Amino acid sequence: MLKNKNIALYVCGGIASYKAVDLVRQFIKQGANVKVAMTASAMEFVTPLTFQIVSKHHIYTDTFDEREEDKVSHIHLADWTDLAVIAPATANVIAKVANGIADDFVTTTLLATTAPIFVVPAMNSHMLENPATVRNFATLRLDKRFVMEPETGFLAEGYEGKGRLPEPLTIVESVKQFMIPRQAELPLKNKRVVITAGGTKERIDPVRYITNDSSGKMGYSLASVARDLGAQVTIISATSQLPEPFGVTVVYVSSALEMLDAVLKEYALVDIVVMAAAVSDYRPKKQASKKIKKSEELLIIELEKTTDILYQLGHTKQQQFLIGFAAETNNLESYAQEKLMRKKANMIVANDVSKPNVGFNQDTNEVIIFTPNSEPVKVSIRSKQKVAEEIFKVAIEQMIK
Ligand SMILES: Cc1cc2nc3c(=O)[nH]c(=O)nc-3n(C[C@H](O)[C@H](O)[C@H](O)COP(=O)(O)O)c2cc1C
């Protein structure tokens, strides 16, 4: 999403200026090019040298420090920019930007840029609530600037209040979300995607259940990739152990039956369904209403089959593109091909969960992607995020065939 994007970061004079150093690193990690401009007050808190080292670029601080004869530096930076981020944005710079004041490098360049402007305020809660600041925020929003909500917490002043700069990773996620509709060509724009994740739980009694080793990590990685490709994404999640990806709706379920109901509720209007959850094949035929006491030497629990969600979706499929997963320990290819046909899926992503670092509960995966009329695509071992990118690449190719 931010790969090769030119981000101009404007750092103002607030106590949270030091967090902007990590913000530069996080943007660079996403593949962005970052150039930093600082106000005179910002330099009271952090030195330009620190930003120069992390950004690997000269830091802009003075409108009249024209280093290159053939360029006016504030216009050059303004025109270079794909996205302008003000973080931390002081009450003072917010007031200036809202009113078109251009009396230093930061505010002059912000007035000259035509790139979208993303404002991350940080200030004392009383400054934030001041009617002048509230009015300036309203003006910025009218001017189509995006203003991120500051966080509530312990302020540098020694009391609780609203006004803290969000953590750099939270800012990056919010920036990515902001950039989605601004991307020229997003392959999943306006598409609705439902992804199931985690291992379902089938109750034996109020304190015991049958489950499996699925962590939900593959499903959650798929969700953030689909979101970055422009889709509206819902995760139907059988786990609550993972952080909710920014901008994704999460519906929590427990059993296979609850997952089936939740998927069917969405199914009619969905474009892509990815069944990445490990759905229990069996559940106890009877669920004890009270804890089963230890008594006999042998306890027999009768199990019955759950509904095969992928099969049901495949056999009622209309416009939906259906992706299933096959976690196998042997005969991977033949099981996956058979599953593809029998369940009427558009794609099966198979992984050999007997291999180390593959499948359940791992951060990495290695898969083979099967589709009805193409050669299988082998994806060698890599992070689940990267595997998710490959899965959607193949799915998009298949959908436009
Ligand atoms: C220790 C200290 C912390 C400050 N923190 C903030 C802050 O978090 N937010 C803010 O708007 N102003 C803060 N200020 C006030 C600004 O630094 C001051 O308004 C300054 O003129 C802002 O300049 P600038 O907007 O050009 O960066 C702080 C001042 C000091 C001395």
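The values are calculated or read from the model by the stated rules, or taken from the named source; none is laboratory data. Only a predicted model underlies this, so the values are computations on that prediction, with no experimental measurement involved. FYI the Cβ positions are ideal-geometry reconstructions off the backbone, even for glycines, and counts take in every protein chain you see. For accessibility, only protein heavy atoms count, side chains too; no ligands or nucleic acids. Shrake-Rupley method; radii C 1.70, N 1.55, O 1.52, S 1.80 Å.
Please compute the volume of the convex hull spanned by the alpha-carbon atoms of region 192-399 and report it per residue in Å³.
131
May I ask you to derive the FRET efficiency for Leu169 and Leu299 from their Cβ-Cβ distance with R0 = 60 Å, giving the value to the nearest 0.05?
Calculated transfer efficiency: 0.80.
Along the Cα→Cβ direction, 7 angstrom out, place labels at Val251 and Gln318. What is the inter-label distance in nm?
1.7
Counting DSSP beta bridges in region 126-260, what percent are antiparallel, to the nearest 5?
Taking every DSSP beta bridge with both residues in region 126-260, the antiparallel ones total about 40 percent.
Place +1 on the Cβ of every Lys and Arg and -1 on the Cβ of every Asp and Glu in the chain, take the dipole about the Cα centre, and give the residue among Ala156, Thr108, Ser215 whose Cα lies farthest towards its positive end.
Ser215
Loop-only check: which chymotrypsin sites (Phe, Trp or Tyr not before Pro) in region 300-363 are DSSP coil with at most 11 other Cβ within 10 angstrom?
Counting only loop positions with at most 11 other Cβ atoms within 10 Å, none of the chymotrypsin sites (Phe, Trp or Tyr not before Pro) in region 300-363 qualifies.
Can you list which of the trypsin sites (Lys or Arg not before Pro) found in region 9-117 are DSSP loop residues with at most 10 other C-beta atoms within 10 Å?
Filter output for region 9-117: Arg67.
Pairwise over distinct Cα atoms, reciprocal of the mean inverse distance: report the Kirkwood radius of region 41-105 in Å, one decimal place.
Its Kirkwood hydrodynamic radius stands at 13.5 Å.
Setting aside same-chain residues fewer than 8 positions from Lys71, which lysines have a Cα under 23 Å from its Cα?
Lys5, Lys35, Lys56
Rounded to the nearest 5, what is the percent of antiparallel bridges among the DSSP beta bridges in the chain?
So the antiparallel bridges amount to about 30 percent of the total.
Take the Cβ-Cβ distance between Gln287 and Thr307 as r, set R0 to 22 Å, and report the resulting FRET efficiency rounded to the nearest 0.05.
With a Förster radius of 22 Å, E is 0.85.
Could you give me D for region 221-343, from Stokes-Einstein at 20 °C and 1.002 mPa s, where the hydrodynamic radius is the Kirkwood radius over C-alpha pairs? Units µm² s⁻¹, please.
The diffusion coefficient I find is 128 µm²/s.
Kindly provide the pair-distance distribution of region 6-182 built from C-alpha pairs, with 10 Å bins from 0 and whole-percent values in order of increasing distance.
10, 42, 38, 10, 1, 0
At a Förster distance of 41 Å, what's the computed FRET efficiency of Thr50 paired with Glu129, Cβ-Cβ distance as r, to 0.05?
0.85
Size of the dipole of the chain about the Cα centre, Lys and Arg at +1 and Asp and Glu at -1 on the beta carbon, nothing else charged, in debye to 20?
With Lys and Arg at +1 and Asp and Glu at -1, about 1200 debye.
Go through region 165-247 and name the GluC sites (Glu not before Pro) that are in a DSSP coil and have 11 or fewer other Cβ atoms within 10 Å of their Cβ.
Glu185
Given 10 Å bins starting at zero, what is the percent of C-alpha pairs of region 296-358 in each, up to the one with the largest pair distance?
20, 37, 26, 14, 4, 0
Order Ile94, Ile400 by their accessible area, 1.4 angstrom probe, all chains in place, largest first.
Ranked list, largest accessible area first: Ile400, Ile94.
Once you have the Cα-Cα distance between Met341 and Asn373, take 0.36 nm times their residue separation minus that, and quote the gain in nm to one decimal.
Stretched fully, the Met341-Asn373 segment lengthens by 10.4 nm.
Kindly flag which residue pairs out of Lys265/Lys317; Lys189/Lys344; Lys3/Lys144 have an alpha-carbon separation exceeding 22 Å in this structure.
Result: Lys189/Lys344; Lys3/Lys144 exceed 22 Å.
Expected output is a single nm value to one decimal: the length gained when fully extending between Val358 and Ile15, i.e. 0.36 nm times separation in residues minus the C-alpha distance. What is it?
Full extension from Val358 to Ile15 adds 119.1 nm.
Could you estimate the translational diffusion coefficient of the chain from the Stokes-Einstein equation, with Rh from the Kirkwood formula over C-alpha pairs, at 20 °C and 1.002 mPa s, in whole µm²/s?
Once the numbers are plugged in, D ends up at 89 µm²/s.
Provide the convex hull volume over Cα atoms per residue for region 131-230, in Å³.
It comes to 203 Å³ per residue, whole-number rounded.
Post the alpha-carbon centroid distance, region 225-297 to region 1-46, in whole angstrom.
39
With no solvent and one equal point scatterer per Cα, compute the Debye intensity ratio I(q)/I(0) for region 75-153 at 0.13, 0.20, 0.22 Å⁻¹ and report its log10, rounded to two decimals.
One equal scatterer on each Cα of region 75-153 leads to -0.36, -0.84, -1.00.
In deg cm²/dmol, rounded to 500, what helix-only [θ] at 222 nm does the chain give when every DSSP H run of at least 4 residues adds -39500 (n - 2.57) and the total is split over its residues?
-9500 deg cm²/dmol
Full extension from Gln30 to Asn190: what is 0.36 nm times the residue separation minus their Cα-Cα distance, to one decimal in nm?
Length difference between fully extended and current span is 55.2 nm.
Quick one: how many Å² of His58 are accessible to a 1.4 Å probe, rounded to 10?
Looks like 70 Å² after rounding.
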